[in-house]
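The values are calculated or read from the model by the stated rules, or taken from the named source; none is laboratory data. Predicted model only: the values in this text are computed from it and were never measured. Counting neighbours? That spans all protein chains shown, and the Cβs are built from the backbone with ideal geometry, glycine included.
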Amino acid sequence: MTDNLRNVALVGHSGSGKTSLAEAILFVSGKLNRMGRVQEGSTVGDYDPEEVERQISLRTSLLTTEWDGAHFNLLDSPGYADFASEVKSALRVSDVCLVVVEAVSGVDVGTERSWRYAEESGLPRLIFINKMDRPDIDLEQILQQIKDRFGRQAVPLQHPVEYGEGFSQLLDAIHMKLVTYKDGTSEESDLGEHESTAQQLHEQLVEAVAETDEELMEKYFSEGDLSEQELAKGMKKAVLRGELFPVIFGDAFNAVGIDAVLNAIVGYFPSPAESPGLEQELTGASDAPLAAFVFKTIAEQHVGELNFVRLYSGGFKPGDEVVNSSRKANERVGQIFELNGHERSELESAVAGDIVALVKLKNTRTGDTLCRKSKEIRLTGVEFPDPLIRVAISPEEKGSEERMATGLAQLRQEDPSFIFRYDNEIHQSLLHAQGDLHLETILKRLRERYGVCVVAEPPRIPYRETIRGNSEGHFRHKKQTGGRGQFGEVFLRISPKSRGEGFEFINSVVGGNIPSNFIPAVEKGLQETMVEGPLSS
């Protein structure tokens, strides 16, 4: 089962067509009878009302399908910069990175950011050049840009025929066939007039694969070609080592080239057992000790919290006792779901490599590790980007501070990439977010789920004061409360020290005029005053 799994993260710049590609994959693989459209709000991946309204992905959605005996877990991640943390989480639990590049705009900022994250994770990468039906495509420029940004390891497996409006044909450089697409299905035929172009592309591909392996290089030099089996075997090794990045052309909206993407992932990319992203102590085997990572948490109406879990080794079934090693808490596995957008299918068990959803875990949050009590394991978490903006927030309705804090705390269980804290220095509640859109979505969810409307404003500036000159002070305390009453008198001299030397308290009392047990109280009063100061308090 583990050998037949493929966990694939779809990444790229906003608008490159990742959600449409995921939809096309579900359609071509037979999971859907009809493709949904982002513009119509009918895709399986973008089902959240806010995603439908904005027509962009705001969080990673999990989709599943089957192709050629392999089970696919697709993680469709957002492309907008404010949700880069979602991309990092998706890549953390994937074994394959599918980078979507828009044919006209080429390699954008979001593409490069996603590529860098995948590179840091050591993931094999497949490049899909999307929207080949668009006018004004400069194919040579796009390919050169990809090689300039990502290296000469980016090697096309195909060549588009008459791209632009009506685009529907590809030259397959591996099988040396002309592939024609209609309504998501493909038909192979002889190359005909395109034979010389395909032959040139085939030679470039064979040469690129041969350069990654000495044995293949010798065979190539002696015979001038490699067999399909040798090419496929060499390609898989090179892809796994990050020495080749296959490039495939297509049009997700019209389901062109989708089967080529699926065939490449099944044929050349690793299963969870082969993944270079495995941590050293893990084997990716179902009979190994359990190690499962919680990479995402969402709240579903009528269901409660769903914890998205990737199993790196071992397995579990409903009713199993597991340990949350991150929080030193025991958990019982309840229902196990396979997700396809918002649709859930209950499973009888989960094995190494699976990505599933668990419900009703009491103490488990995003970033936690689940394992067996007999062998506790702690997996490395996701390092989220630092927030870029901050605002001061307060509830519109007085007395709702506690509800606001509780709501944000629960939202943060779903989205750990924002920070909420109370700043004692400026006496304001601060919300740190990844950007304006991220902030807007947080406040909207707070309003809709918890009924708390807030006012956001720029935070106060935490002014600092320092002593610039010598000064003396005198204070007399006199209070008659009956009996002997209270009386105290303090004389204080203040002078500046050099920058960075901090605070120094000198007791200059002589002769015991002030009892020694009162002296610490004077020092404490000075230190408390230093925290706020006379002007900025």
Lone unmet requirement of (1) assigned to a strand (DSSP E or B); (2) modelled with pLDDT of 85 or more; (3) more than 38 Å from the chain's Cα centre (by Cα) for residue 490: (2)
Residues of region 203-225 that turn out to be touching a strand residue (DSSP E or B) at 6+ places or on another chain (Cβ under 9 Å) and buried (at least 17 other Cβ atoms within 10 Å of the Cβ), as a count: 3
Which numbered condition residue 33 misses (of (1) touching a strand residue (DSSP E or B) at 6+ places or on another chain (Cβ under 8 Å); (2) farther than 25 Å from residue 445 by Cα): (1)
Residue match in region 358-367 (condition: of a type outside the set (Val, Ile, Thr), crowded, with 16+ Cβ neighbours inside 10 Å, within 18 Å of residue 61 (Cα to Cα) and modelled with pLDDT of 95 or more): yes
Some residue of region 66-80 being closer than 19 Å to residue 381 by Cβ and surrounded by fewer than 24 Cβ atoms within 10 Å (Cβ to Cβ): no
Answer residue from region 341-397, given it is small (Gly, Ala, Ser) and over 29 Å from residue 422 (Cα atoms) and is farthest from the chain's Cα centre (by Cα) among those: 374
Members of region 324-376 found to be under 21 Å from residue 90 (Cα atoms) and β-branched (Val, Ile, Thr), listed by number: 336, 351, 355, 356, 359, 364, 366, 369
Odd one out for residue 261 among (1) β-branched (Val, Ile, Thr); (2) assigned to a helix (DSSP H, G or I); (3) at pLDDT below 95: (3)
Odd one out for residue 326, checked against (1) closer than 14 Å to residue 293 by Cβ; (2) buried (at least 20 other Cβ atoms within 10 Å of the Cβ): (2)
Evaluation of residue 390 against (1) of a type outside the set (Asp, Glu); (2) over 15 Å from residue 83 (Cα atoms); (3) exposed (fewer than 15 other Cβ atoms within 10 Å of the Cβ) (one fails), failing number: (3)
Matching entry among 216, 205, 226, 231 (being of a type in the set (A, V, I, L, M, F, W, C), farther than 29 Å from residue 121 by Cβ and either modelled with pLDDT under 95 or part of a helix (DSSP H, G or I) (or both)): 226
Scan of region 294-340 for residues that are of a type in the set (A, V, I, L, M), over 19 Å from the mean Cα position of the chain (by Cα) and assigned to a strand (DSSP E or B), ordered by number: 322, 323, 329, 336
Subset of region 419-467 that is surrounded by 18 or more Cβ atoms within 10 Å (Cβ to Cβ) and among the small types (Gly, Ala, Ser) - its residue that is nearest to the chain's Cα centre (by Cα): 433
Residue count for region 497-537, restricted to those that are at pLDDT below 80 and charged (D, E, K, R): 1
Among (1) part of a helix (DSSP H, G or I); (2) touching an Asp or Glu at 6+ places or on another chain (Cβ under 8 Å), the one test that residue 196 misses: (2)
The one condition in (1) at pLDDT 90 or above; (2) surrounded by 14 or more Cβ atoms within 10 Å (Cβ to Cβ); (3) outside any loop (DSSP other than H, G, I, E, B) that residue 385 fails to fulfil: (3)
Among (1) closer than 23 Å to residue 423 by Cβ; (2) among the β-branched types (Val, Ile, Thr); (3) in contact with a helix residue (DSSP H, G or I) (Cβ under 7 Å, 6 or more places away or on another chain); (4) not assigned by TED's automatic domain parsing to the domain that holds residue 403, the one test that residue 452 misses: (4)
